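Below is one structure; the comments refer to it alone.
The values are calculated or read from the model by the stated rules, or taken from the named source; none is laboratory data. Since the model is a prediction, treat every value here as computed from it, not as a measurement. Glycine also receives a Cβ, built like all others from the backbone with ideal geometry; neighbour counts cover every protein chain displayed.
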Amino acid sequence: MAVQTAETAPSAAQAADAGSAVAHAFKDAFVTGLIALGLLGPLIGFETIIIDGALGLGYRPSLLAIMVGIIFAGRLLLNLTIWSPNRRPRTRTGPTVFDRAGVAVGPVVKPALLAFAATFPFIASYTLGGWNESRYLIDLGILILTYVMLGWGLNIVVGLAGLLDLGYVAFYAVGAYTYALLATSAPVNGFFAGLLGETFWANWAFWICLPVAGLFAGLWGMILGFPVLRLRGDYLAIVTLAFGEIIRLVLINWVDFTGGGAGIASIPRATFFGVPFTRDENGFAALFGLEFNPMHRIVFLYFVILALALITAFATVRLRKLPVGRAWEALREDEIACRSLGINTTNVKLSAFATGAMFGGFAGCFFAVRAGFVSPESFTFDVSAMILAIVVLGGMGSQVGVAVAAAVMMGGMEMLRNLGFLKQVFGNDFDPSLYRMLIFGFAMVAIMVWKPRGLVSTRDPTIFLKERKAVSGDLVKEGHG
Amino acid sequence: MDVFVQQLINGLTLGSIYGLIAIGYTMVFGIIGMVNFAHGDVFMVSAFIALICFLLLTTVLGITSIFLALAIVLVVAMFFTSLVSWAIERVAYRPLRGSFRLAPMISAIGMSIFLANFVQVTQGPRNKPVPPMITDVIVLMDSGGYQVTLAWKQVIIMVVTALLLGGFWYLVQKTSLGRAQRAVEQDRKMAALLGINVDHTISLTFVIGAALAAVAGVMYLMYYGVANFADGFVPGVKAFTAAVLGGIGSLPGAVLGGLLIGLIETFWSAYFSIEYKDVAAFSILAITLIFMPQGLLGRPEVEKV
């Protein structure tokens with residue numbers, strides 16, 4: 001309405017409009033500030049501190065004033081600029097800037113990222129001047145790739161099949177404990193050592209257990225999935241959450257079997273396909289004529305998780321082209337339509353659930369061999385939430401998006417921790433990793449409100465008649481595209 | 001027998017708290033069909049607001065009457081928690097109506113993570129112990145050393161819960177707000193056509209749910225004497241279990257489910273193993289959803305195209 005008057009009668013009406021708009025902007029910002037004061041007042045204005053064993057109160061009026069001030073000023077600024085009623089509304093039909101950028105760089109991004117990931121340890125060691133100096137970076141790379149793999153695994157369940165799984169960490173745990181238990185329990189070791197020969201089993205334990213762990217996790221996925229997959233979306237989410245917690249509680253309390261809260265330590269390390277990373281003449285270094293360096297094992301682990309992650313991505317891409325993959329995507333869009341077309345929804349859901357669980361199991365097995373130690377502490381709901389946040393932020397269904405989200409959220413936070421100037425601004429005990437989950441949670445809400453299909457939201461149709469038309473995710477509703 | 005009676009009292013107390021939280025879940029589910037995953041954390045936030053208010057009243061203002069302090073804490077906590085819940089609905093859920101199926105759920109999970117970590121960052125990760133508020137007990141039975149006691153705070157919890165439920169029942173059944181709410185629950189579009197402000201009604205549903213969760217938060221703080229940023233998650237899931245067990249969408253069902261879950265949890269801890277009490281509650285959730293998704297008092301759900 002305001003826009004129309006401004007266009008027809010430019011001079012007087014515009015001036016009056018501008019005046020009332022400014023007044024309104026101030027009023028609105030004031031109300032927002034008041035609400036912010038009510039929301040933040042109790043929790044930021046006061047701090048509960050324990051003094052000499054008793055609980056006392058601390059006060060933070062300046063922090064509260066700054067926060068409320070920022071919200072007031074921000075709202076006022078938005079009211080006067082972007083949300084101003086005098087501003088001509090921009091009608092947008094085409095793809096957004098993000099989408100066009102995505103389409104333009106799209107073909108280059110994948111090979112570039114892949115090349116970077118494949119050469120990363122060498123780049124790191126070259127720029128930092130040696131393997132030992134680059135240990136921190138390569139460890140970080142392993143962490144990021146683990147989450148990339150978990151993200152891609154969960155992407156099959158959430159992004160492709162549209163099943164919200166809040167207990168994905170359960171399968172990560174099953175994979176980790178499968179390897180840990182198989183490789184450390186005496187009777188199992190005795191049996192395999194007798195069957196395969198002692199040195200062979202010692203050297204190949206990880207490589208034999210890796211597929212076992214994945215299959216076992218997949219089996220668990222089927223066992224847990226079968227009864228619950230008939231449920232509607234949000235019930236399924238809660239039940240998977242319950243299963244995740246049950247598995248963790250059992251791991252804590254079944255002390256005889258799992259070692260309880262103390263976990264399982266001294267898990268055998270990975271070998272280079274049977275060649276251990278030791279100093280002696282049968283070791284990896286001697287075999288390839290290199291000087292012994294403990295970093296060889298770390299670099300090798302980096303490539304193992306890179307390969308595992310790429311297998312996950314490759315399998316996903318291929319599965320999408322199979323009937324079952326198409327059924328997953330159809331199921332995500334409209335379950336009732338699927339059922340009326342004769343798709344057995346339970347089986348299709350189960351296959352997605354089990355496939356996702358299997359990749360979670362692989363990642364868990366890798367986690368156990370890398371850390372050499374597993375305990376229930378590593379498998380809390382926070383991990384499930386983090387993986388889900390990565391999938392959501394990356395844009396459900398998008399492979400590159402998930403990888404970028406994992407790198408930014410896991411790597412970015414680690415990097416922030418080491419920035420000296422942040423400590424000078426926020427004080428010495430500032431630890432950005434404390435804020436990680438805070439940002440994750442906020443980002444999940446923001447993405448859902450702002451761009452529900454994720455930041456990179458072009459969706460390529462998997463089937464097309466003559467030419468592939470990229471469509472902006474904004475224009476695609478449920479059941480279309 | 002005496003152990004049984006004691007556990008019955010404890011279970012009913014715990015069940016009252018779960019029932020109060022469960023109403024928030026069941027009301028929101030009834031009206032917009034989403035699981036408000038952040039509700040457990042709203043409950044936790046209310047416990048913190050209550051804790052801060054209590055400390056302010058006793059240590060700074062020097063109020064000595066514990067009942068006066070509790071009454072003020074209750075009102076303050078209800079007000080601020082309602083504000084938090086209103087803001088959550090406005091910011092995180094309302095823009096998502098009509099979005100794709102999983103969007104509100106994911107947004108709610110994000111909000112839950114955000115709230116828990118916000119409290120962790122602003123209030124610290126440690127347990128916050130409150131000095132015991134009301135310590136008097138009534139000895140009901142005394143059989144050779146084992147005393148069955150009914151603590152005054154348990155009496156307060158049960159009485160307050162019963163009073164609030166009465167008031168709440170009146171609100172939903174007899175007032176125009178309650179009628180509007182039931183109308184929106186039945187058919188949102190039709191209700192809007194008949195002049196009901198749907199957005200307003202949904203906002204109020206969130207506010208009422210949060211106010212009841214705030215009462216639960218104050219009771220929880222008084223009963224256990226401790227607040228922690230992670231305390232929203234498990235009680236939240238248990239209260240959701242209660243709502244599902246009673247039949248989601250059904251208000252008497254939520255209370256019944258809450259009492260049942262409270263009783264099951266205390267009896268399980270007393271007679272089987274305390275380590276697996278959470279496993280018991282989670283298993284009930286899974287079993288109910290798989291075999292009896294409509295719950296005890298709920299209506300079976302019909303899926304329409």
Within the stretch A:156-163, is even one residue buried (at least 20 other Cβ atoms within 10 Å of the Cβ), farther than 23 Å from B:L289 by Cβ and among the small types (G, A, S)?
-> yes
So, in the stretch A:195-238, of the ones that are at pLDDT 85 or above and of a type in the set (V, I, T), which residue ends up surrounded by the fewest Cβ atoms within 10 Å (Cβ to Cβ)?
-> A:I223
Over the stretch A:133-174, the set of residues farther than 19 Å from A:G372 by Cβ and either touching a strand residue (DSSP E or B) at 6+ places or on another chain (Cβ under 9 Å) or assigned to a loop (DSSP other than H, G, I, E, B) (or both) is A:E133, A:S134, A:A161, A:G162, A:L163, A:L164, A:D165, A:L166, A:G167
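Does the stretch A:247-291 hold any residues that are of a type in the set (D, E, K, R), part of a loop (DSSP other than H, G, I, E, B) and either at pLDDT below 75 or surrounded by fewer than 16 Cβ atoms within 10 Å (Cβ to Cβ) (or both), and which are they?
A:R279, A:D280, A:E281, A:E291
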Restricting attention to the stretch A:411-426, does a residue exist that is farther than 23 Å from B:V121 by Cβ and either modelled with pLDDT under 80 or of a type in the set (A, V, I, L, M) (or both)?
-> no
All conditions in (1) away from chain A (no Cβ under 14 Å); (2) under 19 Å from B:G178 (Cβ atoms) are true of B:L193 except (2)
Which residue pairs have Cβ atoms closer than 9 Å, lie 6 or more positions apart in sequence or on different chains, and pair a first residue in the stretch B:34-54 that is within 9 Å of another protein chain (Cβ to nearest Cβ) with a second residue that is of a type in the set (K, R) and not in a loop (DSSP other than H, G, I, E, B)?
-> B:F48/B:K128; B:L51/B:K128
Given (1) touching a helix residue (DSSP H, G or I) at 6+ places or on another chain (Cβ under 9 Å); (2) within 11 Å of another protein chain (Cβ to nearest Cβ), number of the condition B:P129 does not satisfy = (1)
Among the residues listed as B:F118, B:F100, B:F168, B:F206, the single one being part of a helix (DSSP H, G or I) and without any contact (Cβ under 8 Å) to a residue 60 or more places away in the chain | B:F118
Of everything in the stretch B:77-115 that's more than 8 Å from every other protein chain (Cβ to nearest Cβ) and among the charged types (D, E, K, R), which residue is surrounded by the most Cβ atoms within 10 Å (Cβ to Cβ)?
-> B:E89
Answer yes or no: is there a residue in the stretch B:242-256 that is hydrophobic (A, V, I, L, M, F, W, C), more than 13 Å from chain A (Cβ to nearest Cβ), crowded, with 20+ Cβ neighbours inside 10 Å and within 18 Å of B:M34 (Cβ to Cβ).
-> yes
Could you identify the single residue in A:F353, A:F300 that is closer than 30 Å to A:A118 by Cβ and either in contact with a Phe, Trp or Tyr (Cβ under 9 Å, 6 or more places away or on another chain) or surrounded by 13 or more Cβ atoms within 10 Å (Cβ to Cβ) (or both)?
-> A:F300
Pairs, please: C-beta under 6 Å, at least 6 apart or cross-chain, first residue within 16 Å of B:G236 (Cβ to Cβ) and in the stretch A:227-245, second buried (at least 24 other Cβ atoms within 10 Å of the Cβ) and of a type in the set (V, I, T)?
-> A:G244/A:V169
Sort out which residues of the stretch B:81-97 are in contact (Cβ under 8 Å) with a residue 40 or more places away in the chain and within 18 Å of the chain's Cα centre (by Cα), and write them in order of number.
-> B:T81, B:S82, B:V84, B:S85, B:W86, B:I88, B:E89
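Within the stretch B:113-166, how many residues turn out to be aromatic (F, W, Y) and at pLDDT below 80?
Result for the stretch B:113-166: 1.
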Which of the following residues is in the same structural domain as A:V348 (by TED's automatic domain parsing) and in contact with a helix residue (DSSP H, G or I) (Cβ under 7 Å, 6 or more places away or on another chain): A:A124, A:A202, A:A115, A:A186?
-> A:A124
What single numbered condition from (1) exposed (fewer than 13 other Cβ atoms within 10 Å of the Cβ); (2) part of a helix (DSSP H, G or I); (3) of a type outside the set (A, V, I, L, M) fails to hold for B:P131?
-> (2)
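Would you check if B:F118 is more than 24 Å from B:V226 (Cβ to Cβ), surrounded by 15 or more Cβ atoms within 10 Å (Cβ to Cβ) and aromatic (F, W, Y)?
Numbers: more than 24 Å from B:V226 (Cβ to Cβ): no; surrounded by 15 or more Cβ atoms within 10 Å (Cβ to Cβ): yes; aromatic (F, W, Y): yes.
Spelling it out, it is not the case that B:F118 is more than 24 Å from B:V226 (Cβ to Cβ), surrounded by 15 or more Cβ atoms within 10 Å (Cβ to Cβ) and aromatic (F, W, Y).
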Inside the stretch A:315-359, can you point out the residues that are assigned to a helix (DSSP H, G or I) and of a type in the set (D, E, K, R)?
-> A:R318, A:R320, A:K321, A:R326, A:E329, A:R332, A:E333, A:E335, A:R339, A:K349
